[in-house]
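Reviewing the structure listed below.
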Amino acid sequence: MSRTTGAGVLRRDASHLHQRLAWSAQAVDGVATSNEQFEKWFADRQAAQVQQVTRIPFAELRGWSFADGTGNLVHDSGRFFSVVGLHVRVDDGPVREWWQPIIRQAEIGLLGIVVREIDGVLHLLMQAKVEPGNPSGIQLSPTVQATKSNYTGVHRGRGVPYVELFREVAPDRVLADVLQSEQGAWFYRKRNRNMIIEVGAEVAAGEDFCWLTLGQVQRQLRIDHRVNMDARTVLSCLPGPAPDAGVHTGTELLHWITTHQALHDVDTRVVGLAGLPAWHRSDWAISHERGCFFQVIAVDVRADSREVSGWTQPLIEPHGVGVSALLVKRIGGVLHALLRARIEPGYVDAIELSPTVQGTPENHAHLPGLIRDQLRDLDRVRAAGRVLYDAELSEEGGRFHHSRSRYLIIEVGDDYPEREPDGFRWATLPQLSWLLRHRHYLNVQARSLIACLRACVD
């Protein structure tokens, strides 16, 4: 059944919406925008959005300082974000206690994609956006990607385009609206509002924006560093088909997740950066004594296409290239993905579901345990299986400097055991889509891979 709202936007039942998304996913050659037109537009935006990022010593930060007493790196306005210390105790894993810097950003950001029907096919309004930490210039981003400080004008710059569509949206135009986490290893309890809304023909694409079918966006997901992390997490929240029964029912999965959230003891305490054990601050960086994990640096940014034309800020610079791999297997003829209940200190809850394998090889080389063994065994698993997806993707360029991970989806065969190791569960793609309607079940790496998996099976 369907009905027409006063604005002319159709509200349909879930099955019809899923069919509309399927039609959009099949339109890989484009409707409103041909693939040739898109590539020209993207190249033009790459040339127009010039951004110069220069590493600087902390003393040259403008509007930022190390607070007296705590040594925390804070903004003069008290807004945006801060870099603080964190003391962590956990009850599982090769290391049970540690200290680290972490980003604390209490405000909830907005990540939103506008969709509109053009010539009978749903289109997504994607933005070409450059961030200071991107490894390769502009990337495809959501229609709106902004912190509350940004869209409320704390930076005193230009307004954020299209943000009013999300702030004033009618409930019957909302296709998805859910709070999701960011990297729990680098953000302390950071959440973003992931939204997808449908609009009518009155909304046009601005200069840095382009209408693309879902199929066109999914093709871009296969290109290294083309679709940014924020777009990937919103894409993962697209409504899916009704959850089916796989190895486990939905209720069984929720019971297992809740058990792990209640079972594990994760004690975190925010402390000062000053004197943080195992971490040293120089004029140019806050880094670990082993030279691994990550470091905090400062950069000067000059841009001609952002709300503000120039600024300085801290960034987290990871050590090494991460690996996020999702193993999938057909069980009883139904595709299942193997997820892990993973502890990270910045999660709101004790655990979230992560990919089957997630880690940086250099950081785990000296640590015994499951992640090191998984990373060492991944080449063998890859050679024995069928690679459905393999691309290098970057993480959030507004807070991380050249944070890169190799994302893999590997379909394993009958010889791979169906037995679930402790802390792992098989789930179908519709079940994962159902879980993504709720907050804090899948971590950001898993959400990226769900968006990519849909591109492989749609």
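Data overview
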quantity	calculated
Accessible area in the full protein assembly, largest first, 1.4 Å probe, for ASP415, ASP68, ASP208	ASP68, ASP415, ASP208
Dimensionless Rg ratio for segment 373-458, taking C-alpha atoms and the 2.2 N^0.38 Å reference	1.21
Relative contact order %, segment 123-268, counting alpha carbon pairs below 8 Å whose residues are six or more apart	28
From the coordinates shown, Rg/Rh (Cα atoms, Kirkwood Rh) corresponds to which of (1) 1.10; (2) 0.95; (3) 0.98	(2)
Percent RCO, i.e. relative contact order, over segment 228-379, from Cα pairs under 8 Å lying at least 6 residues apart	17
Sorted peptide list for 267-276, 195-204, 81-90, 443-452, criterion being average Cβ within 10 angstrom, highest first	443-452, 81-90, 195-204, 267-276
Shape of segment 17-107, Cα gyration tensor, a/c cut at 1.5	oblate
Extreme residue, positive dipole direction of the chain, given options VAL412, GLY112, PRO101 (C-beta unit charges)	GLY112
Assigned charges on the beta-carbon of Lys, Arg, Asp, Glu; the chain dipole about Cα centre (debye)	320
Summed side-chain charge close to ARG62 - residues other than ARG62 whose Cβ falls under 11 Å, Lys, Arg +1, Asp, Glu -1	-3
Interatomic Cα distance distribution for segment 195-239, bins of 10 angstrom, percent	21, 55, 23, 1
Per residue, in Å², the accessible surface of segment 419-458 once ligands and nucleic acids are set aside, probe 1.4 Å	34
Cα point-scatterer Debye curve for segment 309-377, base-10 log of I(q)/I(0) at q = 0.14, 0.15, 0.19 Å⁻¹	-0.60, -0.67, -0.91
Rounded if a/c under 1.5, otherwise prolate or oblate - segment 169-293, Cα gyration tensor axes	oblate
Computed [θ] at 222 nm, helices only, for the chain once each DSSP H run of length n ≥ 4 contributes -39500 (n - 2.57)	-6500 deg cm²/dmol
Relative contact order of the chain, defined on C-alpha pairs under 8 angstrom at six or more residues apart (%)	21
Simple label model, 7 Å out from Cα along Cβ direction - ARG380 to ASP265, nm	3.6
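The values are calculated or read from the model by the stated rules, or taken from the named source; none is laboratory data. Keep in mind that what you see is a predicted model, and the values were worked out from it rather than measured. Note: ideal-geometry Cβ built from the backbone for every residue, glycine included; neighbour counts use all protein chains shown. Remember, those area values only see protein heavy atoms, side chains included, never the ligands or the DNA or RNA. Shrake-Rupley method; radii C 1.70, N 1.55, O 1.52, S 1.80 Å.
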